[in-house]
Amino acid sequence: MIATLRAIGFDNRLGLRLVIASLIVGSVLSVLSTSAQLGASYFRQRTDATLVLSRIEDTLASPLEQAVWTFNFDQVDVILDGLAADPNIAFVELQSSTGQSWTRGDPDEQAATPDDQRVYELVHKLDNNRSELVGVLDVRLSLDAVRARVWAEFWTTFLTNLAKAYIAAIALLFLVGHMVSRHLRKIADHVDNTNADNTNALRLDRAGSEKTDDLDRIVDAIDRFECRTREQMDALGNEIIDRKQAEAEARQALSIRSQFLATMSHEIRTPLNAIMGFLHLIATYKDIDDKPRVYAETATKASHQLMSLMNNSLDMSRIEADAVEIKMTPTDIHSLAKDWHQSAEGMRHMRDKNIKITLDVARDLPPLINMDASHVTQIVSNLVDNAIKFTDAGEVDIAIKNATSDGNPAIDIRVSDTGNGIPEDARARIFERFTQADSGMLRAHGGSGLGLAICSELARLMGATLTLDDRIRDGFTTVFLLRLENVALVDLPT
Amino acid sequence: MTYMHKVLLIEDDEFTRFMMREIISGLGVEVEIASNGDEGCKLLEKQPGEFGLVLMDLHMPVMSGIDATLKIRNEVQDPPSKVPIIAVTADVTYHNSSRVAELGMNGFTPKPVSPGTLLSLIDQYCAA
């Protein structure tokens, strides 16, 4: 049942709204049409009734006057009965000049407020062109009966009209359901189901007609729209394919580039290592003269610069190629700190500096922290190498402490030195690329000016921050602070 | 100082090998060389107990330092399976004691190797 109703569109809101609107309009129209119809009927009947009054003068006045004149009272009764037989005539009274009186109907009840009243003077024409009043006829018209009839008629007519309107509305619902709603639903389903895979054109199941109506126009518009959309989708699809291909090519190029960088890095470093080793051997050879020793030592320094320049360039290229992979692993920072200290000693030895390297690891550090050990090591060793490079006397200190950052545990690693310090005006630019505190330094110490930029980028990549610490303490002139964030281990390895 | 044990240097680059051999022998320590992990393992098997220290390059053709360490620790006859192995690498990923310990090595030294570091390693492992 419900399915049937649904099939004919009874469940669709459009149909229902249409029906409700039709019912309201139908009801109003029924009232109006019924009123008009019955109003017309009432006026017609009233006119008819009034006409009866008018005709009395033409048709009855003369015979009645004759009957009274001739004292034919039977005839008077007949005529008055005939007059009173009209249902609209409520009261008739005839008073003759001779004192007789006839009445029909009840003057108090029905004719007290007559709708119409005529008083006729019955005049008998004498031969000598004179006339004599024989009586007065008073006829009162009441339309109460007409009104009652019309009123009774109103309800039947109104209900009939209403029923007609309702039947028409329901018929309209079926018709709308058949002719419009089902097509609209089909259009909606079609549009819903249209996608890249389902490209059937929209066709409605309608009786053929030469003339195009609104539905045909909608179907055509949807067809054209789908055609256009499909073309655009195809174009877009091709573009996506092209882009993906370009992206894959770019990624491949990038991977080739970082592969190349890694290979180059290894391939260049290996012979350079050998060169540096041999230069060292020459410089430390026991039987060598002073001049070749100085040459070898100078060549050693030059090759160190070359090495660091190359390492920095490769690192920066890797950062720019997005080829830096950050691996956060649980790390024993105590052991790592010892490694840093050890390699710092190595650097000190390499740079032949007579300074103290100190390591200060807080006792309350967690046993394992989450960090990218190799990149942190790279940053720390760069900072330590810088510190050693710029410090000729005194000490370089590596300090590791617990800290908090926004309420979360963090680790602060400070690399401090007692060297020249960084001039105030250079502090802001120290992490920019190709920057050294002053250009004289470049000549004095070499370096690409990339080291701190790399450190800062690496720190950023692993969610850490590298800053120049303004809180100079304990006689240190330069303090770098590397703050490692998100160091807490979510799961402690068992 | 006299040294009881030899050093096994496993390094694929000829220049580096020669350079390191010169440095080590300059310290008065006997050095044997291998150009990849596989050769290194064979030398260890042939002369059990002779070596006090293995200097292991990590990136090598035929057999990498990591694979060679795994093989030495698991397959080579005792006592060479317990021989100290130090990773010699420029790769900062391995400049991490815990990391190399996980791979079965006793420590690491970064490239370029400084003679001072080599000396302290040899003192530590090859002394009488």
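The packing ranking of peptides A:47-55, A:309-317, highest mean first, is A:309-317, A:47-55, where packing means the average number of other beta carbon atoms within 10 angstrom of each residue. Within 10 Å of each candidate Cβ there may be at most 12 other Cβ atoms; applying that plus a DSSP loop requirement, which GluC sites (Glu not before Pro) in the range B:5-100 survive? Sparse-neighbourhood loop GluC sites (Glu not before Pro): B:GLU75.
Taken over the Cα atoms of the range A:262-388, the convex hull encloses 125 Å³ per residue. The mean number of Cβ atoms from other chains found within 10 Å of a Cβ in peptide A:274-284 is 5, as a whole number. Only Cα sites of the range A:326-484 enter the Debye sum here, all with the same form factor; the resulting log10 I(q)/I(0) across q = 0.10, 0.12, 0.16 1/Å is -0.34, -0.49, -0.90, listed in q order. Our note on the geometry: Cα centres of the range A:21-68 and the range B:66-123, 126 Å apart.
Take the Cβ atoms of A:ALA84 and A:LEU159, set R0 to 45 Å, and the FRET efficiency comes out at 0.80.
Placing a pseudo-label 7 Å from each Cα along the Cα-to-Cβ vector at A:ILE218 and A:VAL119 gives an inter-label distance of 7.4 nm.
Can you list the residues of the range A:126-159 with backbone N under 19 Å from a point 7 Å past the Cα of A:VAL31, pointing along Cα to Cβ? What the label zone holds, given the 19 Å backbone N cut-off, is A:151-159. The interface between chain A and chain B buries about 1900 Å² of solvent-accessible area in total (1.4 Å probe, ligands and nucleic acids excluded). Which pairs in the list A:LYS338/B:LYS111; A:LYS164/A:LYS211; A:LYS164/A:LYS186 are over 20 Å apart, alpha-carbon to alpha-carbon? Table pairs above 20 Å Cα-Cα are A:LYS164/A:LYS211; A:LYS164/A:LYS186. Approximating the spin labels as points 7 Å out from Cα along Cα→Cβ, the B:GLU50-to-A:GLU210 distance works out to 11.1 nm. Pair-distance distribution of chain B: all C-alpha pairs, bin width 10 Å, starting at 0; shares per bin in whole percent are 14, 51, 33, 2.
Counting, for every residue in B:18-24, the Cβ atoms of other protein chains within 10 Å of its Cβ and taking the mean gives 4. Among A:288-301, A:26-39, sorting by the average number of other beta carbon atoms lying within 10 angstrom of each residue, highest first, gives A:26-39, A:288-301. Inverting the pair-averaged 1/r between distinct Cα atoms of the range A:195-324 gives 21.5 Å as its Kirkwood hydrodynamic radius. Highest mean first, the peptides A:243-256, A:368-381, A:466-479 sorted by other C-beta atoms within 10 Å per residue fall in the order A:368-381, A:466-479, A:243-256. Taken residue by residue and averaged, Cβ atoms of other chains lying within 10 Å of the Cβ of A:254-267 number 1.
The calculated FRET efficiency for B:ALA101 paired with A:ARG473, based on their beta-carbon distance and R0 = 41 Å, is about 0.75. Just to confirm the filter: which GluC sites (Glu not before Pro) across the range A:49-110 are DSSP coil and have at most 16 other Cβ within 10 angstrom of their Cβ? Listed in order of number, the matching sites are A:GLU109. Taking all Cα pairs closer than 8 Å and separated by 6 or more residues, the relative contact order of the range A:57-163 comes to 27 percent. Taken along its three principal axes, the alpha carbon spread of chain A comes to 188, 59, 53 Å, from the longest extent down to the shortest. Among the protein heavy atoms of the range B:6-126, carbon and sulfur supply 49% of the accessible surface, probe 1.4 Å, non-protein parts ignored.
In this simple spin-label approximation, A:THR329 and A:ILE282 carry label points 7 Å from Cα along the Cα→Cβ vector, and these lie 4.0 nm apart.
Dividing the summed helix terms, -39500 (n - 2.57) for each DSSP H run of n ≥ 4, by the number of residues in chain A produces a 222 nm estimate of -19000 deg cm²/dmol to the nearest 500.
The values are calculated or read from the model by the stated rules, or taken from the named source; none is laboratory data. In this text, all values refer to a predicted model and were calculated from it rather than measured experimentally. Don't worry about glycine lacking a Cβ; one is built from the backbone with ideal geometry, like all the others, and counts go over all protein chains shown. Side chains included, ligands, DNA and RNA excluded: accessible areas come from the protein's heavy atoms. Shrake-Rupley method; radii C 1.70, N 1.55, O 1.52, S 1.80 Å.
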